[in-house]
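Engineer: Shown below is the structure under consideration.
Bear in mind these aren't lab numbers, they're just calculated from the coordinates by the rules spelled out. Remember, predicted model here, so these are calculated numbers, not experimental data. Please note: Cβ atoms are built from the backbone with ideal geometry, for glycine as well, and neighbour counts cover all protein chains shown.
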Amino acid sequence: MPRSLTAILMFLAAALAASAGSVRAQPAAADWNITQLMQQLAAVKSASAHFVERKYLRLLKEPLVDSGTLVYRAPDQLRKDTLEPQIEKMAIDGDRLSIERDGKTQTLQLEQYPEIWVIIEGIRATLAGDLVTLKRYYRVGLQGAAVSWQLSLVPSDPKIEKLIRSIRIFGDGAHVRRIVTDEAGGDHTDMTITEGQP
């Protein structure tokens, strides 16, 4: 298993941020809703972003801070390169998750890890703008307006609920600015996103 479920969750959520941030068109406020947001996401075929991720663990007084780059290529390629404080590369290509650290690469077949698979499929559905599939895995909520919104993803599978409580994505227009993942055990991760490379 990967060393940190939080790392995988934030990798996937950050890929969503990278794709959403690259869309420029913004619908009129009166027309903006979950359908409009999904249409914007579906229009993205590739994107890159810079991230700063703070992991708050109950056992530590200060958060762990990572930073690096994100890349998304439709329909199913996601990459997270952590550059600071240690180099680590995570990539999803189809049904494979690869993690490269300290010169060694570990590859997982996702069907062998159903909980991770469900999380990935949920995020892929978001990236693809597929609300029907997204709702199969999550209870989806949207609050706010186009200029300041929050998308909530709450797992509908009890097994996933034992791992994470929610993924909350904050943005304005077509730009994702912040992602918070709350784990069932009380730890949480807070990621800020900047479009383009660092």
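Engineer: Using 7 Å Cα-to-Cβ label points, what is the Thr133/Lys104 separation (nm, one decimal)?
Structural biologist: 3.4 nm
Engineer: Tell me, Kirkwood radius of region 80-198 from alpha-carbon pair distances, in Å? Can you show the working numbers first?
Structural biologist: Numbers: mean 1/r = 0.0632 Å⁻¹.
Evaluated over region 80-198, this radius sits at 15.8 Å.
Engineer: About the Cα centre of region 30-114, what is the dipole size in debye to 20, counting +1 per Lys and Arg Cβ and -1 per Asp and Glu Cβ, all else neutral?
Structural biologist: Details: 12 positive and 13 negative charges, 31 e Å.
Value, rounded to 20: 140 debye.
Engineer: What ranking do Leu153, Leu83 get, fewest neighbouring Cβ atoms within 10 angstrom at the top? Walk me through the numbers on the way to the answer.
Structural biologist: On the way: Leu153 23, Leu83 15.
Neighbour counts put them in this order, fewest first: Leu83, Leu153.
Engineer: Something else now. Subtract the Cα-Cα distance of Arg58 and Glu195 from 0.36 nm times their separation in residues, and report this length gain in nm to one decimal.
Structural biologist: 46.3 nm
Engineer: Still on this model: Can you figure out the FRET efficiency of Asn33 with Lys159, using R₀ = 30 Å and their beta-carbon distance, to the nearest 0.05?
Structural biologist: Result of the calculation: an efficiency of 0.50.
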